[in-house]
1. Which condition does PHE119 not pass, out of (1) crowded, with 19+ Cβ neighbours inside 10 Å; (2) aromatic (Phe, Trp, Tyr); (3) touching a helix residue (DSSP H, G or I) at 6+ places or on another chain (Cβ under 8 Å), if it passes all the others?
2. Taking the range 338-364, which residues are within 29 Å of the chain's Cα centre (by Cα) and assigned to a helix (DSSP H, G or I)?
3. Assess whether ILE2 counts as being among the β-branched types (Val, Ile, Thr), over 25 Å from PHE219 (Cα atoms), at pLDDT below 95 and buried (at least 17 other Cβ atoms within 10 Å of the Cβ).
4. Looking at the structure I just gave you, is ILE207 within 28 Å of GLY397 (Cα to Cα), assigned to a strand (DSSP E or B) and not aromatic (Phe, Trp, Tyr)?
5. I'd like to know if the range 292-300 contains one or more residues that are within 23 Å of the chain's Cα centre (by Cα) and either hydroxyl-bearing (Ser, Thr, Tyr) or not in a helix (DSSP H, G or I) (or both).
6. Within the set of pairs 6+ apart or on separate chains, which have a first residue in the range 55-73 that is on the phi > 0 side of the Ramachandran plot, a second that is of a type in the set (S, T, N, Q) and at pLDDT 95 or above, and C-beta atoms under 6 Å apart?
7. Report, by residue number, each residue of the range 165-196 that is under 21 Å from the mean Cα position of the chain (by Cα), surrounded by fewer than 18 Cβ atoms within 10 Å (Cβ to Cβ), part of a loop (DSSP other than H, G, I, E, B) and touching a residue at least 60 places away in the same chain (Cβ under 8 Å).
8. Are any of the residues in the range 176-189 touching a Phe, Trp or Tyr at 6+ places or on another chain (Cβ under 6 Å), at pLDDT 95 or above and not hydroxyl-bearing (Ser, Thr, Tyr)?
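The values are calculated or read from the model by the stated rules, or taken from the named source; none is laboratory data. Model, not experiment: these values are computed from the prediction. Note: ideal-geometry Cβ built from the backbone for every residue, glycine included; neighbour counts use all protein chains shown.
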Amino acid sequence: MISRRGVIKNCLASLVAVKVPTSAFSAKNVSRYRIIAQKSEHQFYEGANLSDLFLYNGSSPGPLIVENKGNILEVEFLNLLDEPSSIHWHGIKNLNDMDGVPGLTQAPVEPGETFTYRFPLNDAGTFWYHSHSQAWNQVARGLCGPLIVLEDGSSMSDRDLTIAVDDWLLDENEQIHTASLGSLHDWSHGGRLGNFLTINGKSAPEIKIPKSGKVHLRFLNFANARVMQFELNDRLPMRIVALDGAPCDPFMRQRLTLAPAQRVDVQIDDVSFVRELFEVSTGEEYGAATFVPNEVNQKPNALPRFVLPTNNMLKMDNAEVINIHMQGGAMGNLSSAIFEGEQKSLRELARSEKKLWAFNGEIGGYDLTLAEVDLGKTVVLRVWNDTRWQHGMHLHGHHFWVKSKEFGDEANLVLRDTYLMQPGEHAELVFEANNPGSWLFHCHMLEHHVSGMGGIITVG
């Protein structure tokens, strides 16, 4: 889209939203931002070396965008990197040409060029935005940020906190470990796993919270590949109220599991007991953040409003079933696959093409069509993870119902846009194909995606 430089403030350090009514969108508010991707320095903790990263508007994570349901979001994106880039609006049921996937929904934004994203915010929830151009490289260097959409008329209070977690692979000088970017080992195993944890861009930060009353925490996992698990001090229970931006019937858990790209919203009834946050995926408690009471007392019930989905499951009569057999990776059973029309051995694919994963015996990519479905059709993605590795499977442009096994032995029927599949797991992801366009279905372990674990579902 043509950029409107005259009405957008050029701000390198922060985002400035200017809301104006427009008759073109039925007098809805249009919120305009400018986001700049550029090389930037960032300090992860006091006294640390400055790390050279790729950042949006010079901040890690990218600036927090808070908007209301029903608004139009307009973002002029300026790419000041030395390589092409784009922005994907993860979890937003977007217009197809605004989805931000170069080579599929738009051309890449070349160095020095701009692209204007403009789309309605039809759903409230916790979302995020990130590069979708060589995402395995650009997200690893810092190109990601949170997007919060509140119900119409709501505002974000000090009782509503964003907990953006990330997993960085740094060298001894606290720089991005660039030599390992593109590692065939990472691509064929669990993906790029870091050695340095941050919360909201900082190592072990202090987070201000109210002294008492209720609090709402929005957890987002920005990591390339690491599945993270979090607990509060004394294993205090947390009420899960939304997953991937979609409200759910509340349920209690002491531990949260977040695959890359997943979000979990939780509420705590009495914050006065909350002191620390631990990452526990290794089996040991790692201090992720400390909570510090805020002297400013907020209204005790100033929490975000949620509207539960009206249907617990779509009608399955005449549903279209798409079988997806996932294979590949290290220690797997894939010996060969079709790539660019030719059957090749996995060894040859790995050595010459860096392709390691397949859907239904074909190496994935933007030229692999998994299905073409009619608009309004109920679709069942019947997925079999026939690999030795976990995969966070993400569908663009839609949410899907799934009987999730992510929270214990008992399956929970929930609405998600990214589902963590265990090795050997069979799952049915059910959605209404109500958003026309060509939509990507892929693993959000970003190294798995680039090496073959992705395909296209065309709606309409």
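1. (1)
2. The answer is LEU349, ALA350, GLU353.
3. For ILE2, the condition - among the β-branched types (Val, Ile, Thr), over 25 Å from PHE219 (Cα atoms), at pLDDT below 95 and buried (at least 17 other Cβ atoms within 10 Å of the Cβ) - is not met.
4. Spelling it out, it is not the case that ILE207 is within 28 Å of GLY397 (Cα to Cα), assigned to a strand (DSSP E or B) and not aromatic (Phe, Trp, Tyr).
5. No, the conditions are met nowhere in the range 292-300.
6. Within 6 Å, the pairs are GLY58/SER40.
7. The answer is GLY182, and nothing else.
8. no
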